[in-house]
Amino acid sequence: MRAYERLLQYAKVYTTSDPESGTHPSTGRQFDLARLLVEEMKGMGIEDAAVDEHCYVYGTIPATPGCEGRPALGLIAHMDTAPDAGGENVRPILHQNYDGKDVTLPGTGAVMKVEAFPFLASMKGETLITTDGTTLLGADDKAGIAEILTAAEAVITQGLPHGKLCIAFTPDEEIGEGASLFDLERFGADFAYTVDGGDVGGIEYENFNAASATVTVRGLSVHTGSAKDTMINASNVAMEFHLALPMMARPETTEGRQGFYHLCQMYGDVNQAKLGYILRDHDAARLEYKKDELLQIAAWLNGRYGPGTVTVELKDGYRNMLEKIKPHFHLVETARTAIHMAGLEPEEIPVRGGTDGAVLSWKGLPCPNLGTGGFNFHGVLECTTVERMDKATEVVLNIIGLYAQER
């Protein structure tokens, strides 16, 4: 099977994760794809393929004779899809010999415009894969799964030389929990790649440092007729808090390595209001500055309205993988070579987000991220092409071959 044929099968399996469930996995439906993958892996000769109680799929391909001393290479992708858009009853559409122009999705009439998405012009002549517009596609990251298993099948059926290959598919990556219960010892790799990036040829080994903040404002409600100099309207104070943050440090006003404060949630009344933020920066020191800024704003408002009016609860998230990749930079150099071998130019862009690989790198498994050939993730305009998925598979095979060689 080609990678896109696998994607078409996997996309139809409903695997959306749920950030509110509090369970592991967050949704039982992710087991549907996990079990399908285990059977497929066993069918191609990965005898130890299995899914554990937390919905992590593991399997290994033993080294070929003469390659037993080569490093154990890991390949990882995730099974869940983002809850930002519908993931049930996905209907993939193949646009053969795509003309590079605007695409109308028949399920909704939504138009994917080249003016808004210039990458579409570069896909002219390829077979574009979209949905009908009612759901996301799920190429994030079912394309990665498809490419890994297509490469694994090629290795096995063609007898290609390779060291030990360790394969894993995780649940709940889209809600930040994909690496939470990952069993490194069972996985057995010396280092790995996640196959979960954007366009084919991408290498990601630098990501945001992350933190979250919950701001709670406690007000004082009195009758509006006698409120002067007495009432403390918690919702108004919450707005003051938010407006004290720099407008040019929001996601919609930043790019590249520029960090941000992102207001994700807000609700309240006169008595109490809450604001939920995520904080991001590639520079760890700058992230600490952002956390301090929130505390300073709270202190200023408490000085104005009284102690305890505003409290800030901070929580650290994932960290920039770059520090953990630098001592193993052969991973980046090998990926560059593999991409050149596929006739592509590597594109190295800092991730304005996080990956399972970032968490795994800090747990002791260096793990940069490779492109899958997908675009417009987390929404109904998600797409990829048959040809880019083939190239992504070729890159994975090239990496496997390079690590099979004497170094």
Inset, instruction - Report the relative contact order of the chain, percent, no decimals, based on alpha-carbon pairs under 8 angstrom and at least 6 residues apart. - result: 23
Inset, instruction - Give the value in nm², to one decimal: projected area of the alpha carbon convex hull of the stretch 216-344, averaged over all directions. - result: 10.5
Legend entry - Set of aspartates and glutamates with alpha-carbon distance to Lys101 below 14 Å, sequence-local pairs under 8 removed: Glu115, Glu126
Inset, instruction - Write down the percent of antiparallel bridges among all DSSP beta bridges whose residues are both part of the chain, to the nearest 5. - result: 70
Legend entry - Over the chain - Rg/Rh using Cα atoms and the Kirkwood inverse-distance radius: 1.03
Inset, instruction - Just read off the accessible area of Glu240 with the full protein assembly in place, 1.4 Å probe, to the nearest 10 Å². - result: 50
Inset, instruction - Please give the direction-averaged projected area of the C-alpha convex hull for the stretch 288-350, in square nanometres with one decimal. - result: 6.4
Legend entry - Whole-number accessible area per residue in Å² for the chain, which is evaluated in the context of all protein chains at 1.4 Å: 44
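With N set to the number of residues, divide the alpha-carbon radius of gyration of the stretch 345-407 by 2.2 N^0.38 Å and report two decimals.
Working it through for the stretch 345-407, the quotient is 1.34.
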Legend entry - Helical mean residue ellipticity (222 nm; -39500 (n - 2.57) per DSSP H run of 4+; nearest 500) of the chain: -9000 deg cm²/dmol
Inset, instruction - Take the solvent-accessible surface of the protein heavy atoms, probe 1.4 Å, and return the percent of it on the chain that carbon and sulfur atoms account for. - result: 50
Legend entry - Listed peptides 5-17, 386-398, 331-343 by packing density, highest first (mean Cβ within 10 Å): 386-398, 5-17, 331-343
Inset, instruction - Take every Cα-Cα pair in the stretch 274-397 and report what % of them are more than 25 Å apart. - result: 47
Inset, instruction - Would you give the gap between the C-alpha center of the stretch 88-105 and the C-alpha center of the stretch 315-356, rounded to a whole Å? - result: 30
Inset, instruction - Starting from the Cα of Lys113, draw a straight line to each of the aspartates and glutamates and keep only those under 12 Å, dropping any in the same chain fewer than 8 residues away. - result: Asp102
Legend entry - Percent of C-alpha pairs per 10 Å bin, the stretch 125-230, short to long: 9, 27, 27, 14, 7, 8, 5, 2, 0
Legend entry - Over the stretch 207-352, relative contact order from alpha-carbon pairs under 8 Å, at least 6 apart, %: 34
Inset, instruction - Averaged over every viewing direction, what's the projected area of the C-alpha convex hull for the stretch 50-193? Give it in nm², one decimal, please. - result: 11.0
Inset, instruction - Kindly provide the pair-distance distribution of the stretch 179-243 built from C-alpha pairs, with 5 Å bins from 0 and whole-percent values in order of increasing distance. - result: 3, 10, 12, 11, 10, 8, 5, 7, 8, 8, 7, 6, 4, 2
Legend entry - Accessible area (Å², 1.4 Å probe, nearest 10) - Asp48: 80
Inset, instruction - Report the accessible area of Arg2, computed with a 1.4 Å probe over the heavy atoms of all protein chains in place, in Å² rounded to the nearest 10. - result: 110
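The values are calculated or read from the model by the stated rules, or taken from the named source; none is laboratory data. The model shown is predicted, which means the values in this text are computed figures rather than measured ones. With ideal geometry, Cβ positions are generated from the backbone for all residues, glycine too; neighbour counts draw on all protein chains shown. All accessible areas refer to the heavy atoms of the entire protein, side chains included, with ligands and DNA or RNA removed. Shrake-Rupley method; radii C 1.70, N 1.55, O 1.52, S 1.80 Å.
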